[in-house]
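The values are calculated or read from the model by the stated rules, or taken from the named source; none is laboratory data. The shown structure was predicted, so the numbers you read here are calculated from the model rather than taken from an experiment. Note that we place each Cβ from the backbone using ideal geometry, even for glycine, and neighbour counts take in every protein chain shown.
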Amino acid sequence: MRQTQSGITVIGSSTVSTAADRVRLRIAVEQFAAGAAEALTRSSENARTLRAGLRGAGIAERSIQTTGLSVDVQWGERQKVVGYVARQRFSAVAENVEQAGELLETLGAQLGDAFRVEGVEVFAHDTSTAAAAARAAAYDDAVEQARALAQRSGRTLGEVRSVTTVMPADRPEIYKGQTMAMAKAGSFAPGEIEVAEQVQVSWGWADSTA
């Protein structure tokens with residue numbers, strides 16, 4: 001809040017919840033072999049199996065992305081090379097949150113110990129409606145604050161001079177709910193996303209003599 005002789009500026013805040021309807025799976029295949037080329041070849045075979053499994057579950061090709069590829073030396077005792085580990089990482093967005101657990105189990109059964117689950121993120125595909133509602137509520141919050149401060153100061157609010165949305169440096173969408181990797185179908189809890197907005201509003205004083 002900033003108050004001057006010519007007016008007052010207040011920042012209003014609000015959050016609105018919306019249903020989560022997408023899940024981003026961060027998954028990988030990892031393969032050990034005596035030689036680097038063999039490790040990479042076997043890892044690539046597993047990667048093709050993984051991608052086929054994702055497509056078979058109804059995930060569009062455009063929603064599957066390779067996010068990493070590496071081949072590392074596996075060291076044993078006394079710094080002796082015992083083999084190589086190849087890893088291929090993927091990000092995939094599934095539109096059916098509740099069946100994501102079943103999909104992970106299916107991939108695990110197909111790939112065995114080569115399969116890795118590195119992260120699960122549940123989110124909302126479209127937050128525009130929630131964001132608009134949050135901005136409107138943030139404006140109302142600013143009005144309420146300004147009226148209370150004006151009354152306490154013995155002043156009267158005048159016309160609105162400016163309205164500006166405030167963009168925090170980092171405005172995360174907060175996930176409220178729980179997920180379980182490698183879980184039975186239906187055990188994923190989509191939960192809700194809280195969309196936060198802030199609005200800065202400036203007023204002049206109706207009783208200003210300036």
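Return yes or no: is Ser13 surrounded by fewer than 20 Cβ atoms within 10 Å (Cβ to Cβ), closer than 30 Å to Ala150 by Cβ and either of a type in the set (Ser, Thr, Tyr) or out of contact with any Lys or Arg (no Cβ under 9 Å at 6 or more places or on another chain) (or both)? First the steps, then the outcome.
Numbers: surrounded by fewer than 20 Cβ atoms within 10 Å (Cβ to Cβ): yes; closer than 30 Å to Ala150 by Cβ: yes; either of a type in the set (Ser, Thr, Tyr) or out of contact with any Lys or Arg (no Cβ under 9 Å at 6 or more places or on another chain) (or both): yes.
Yes; evaluated as a whole, the condition is true for this residue.
Matching residues to (1) modelled with pLDDT under 95; (2) small (Gly, Ala, Ser):
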position: Ala57; (1), (2): yes, yes
position: Glu77; (1), (2): yes, no
position: Ser91; (1), (2): no, yes
position: Leu103; (1), (2): yes, no
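Where residues in region 108-126 are in a helix (DSSP H, G or I) and touching a residue at least 60 places away in the same chain (Cβ under 8 Å), which of them is nearest to Glu194 (Cα to Cα)? Break it down stepwise before answering.
From region 108-126, those in a helix (DSSP H, G or I) are 108-114; that's our starting set.
Subset that is touching a residue at least 60 places away in the same chain (Cβ under 8 Å): 108, 110-111, 114.
Values: Gly108: 32, Gln110: 36, Leu111: 36, Ala114: 36 Å.
Looking at the filtered set, the residue picked out is Gly108.
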> Taking region 142-169, which residues are among the acidic types (Asp, Glu) and surrounded by 11 or more Cβ atoms within 10 Å (Cβ to Cβ)?
Replying inline: Glu144
> So which residues in region 97-111 are buried (at least 16 other Cβ atoms within 10 Å of the Cβ) and either touching a Ser or Thr at 6+ places or on another chain (Cβ under 7 Å) or not assigned by TED's automatic domain parsing to the domain that holds Arg26 (or both), if there are any at all?
Replying inline: Gly101, Leu111
>> Checking the structure you have, find out if any residue of region 27-35 is modelled with pLDDT of 95 or more, within 30 Å of Glu192 (Cβ to Cβ) and not assigned by TED's automatic domain parsing to the domain that holds Val195.
In response: yes
> In region 112-141, which residues are in contact with a Gly (Cβ under 8 Å, 6 or more places away or on another chain), of a type outside the set (Gly, Ala, Ser), crowded, with 17+ Cβ neighbours inside 10 Å and modelled with pLDDT of 90 or more?
Replying inline: Phe115, Tyr139, Asp141
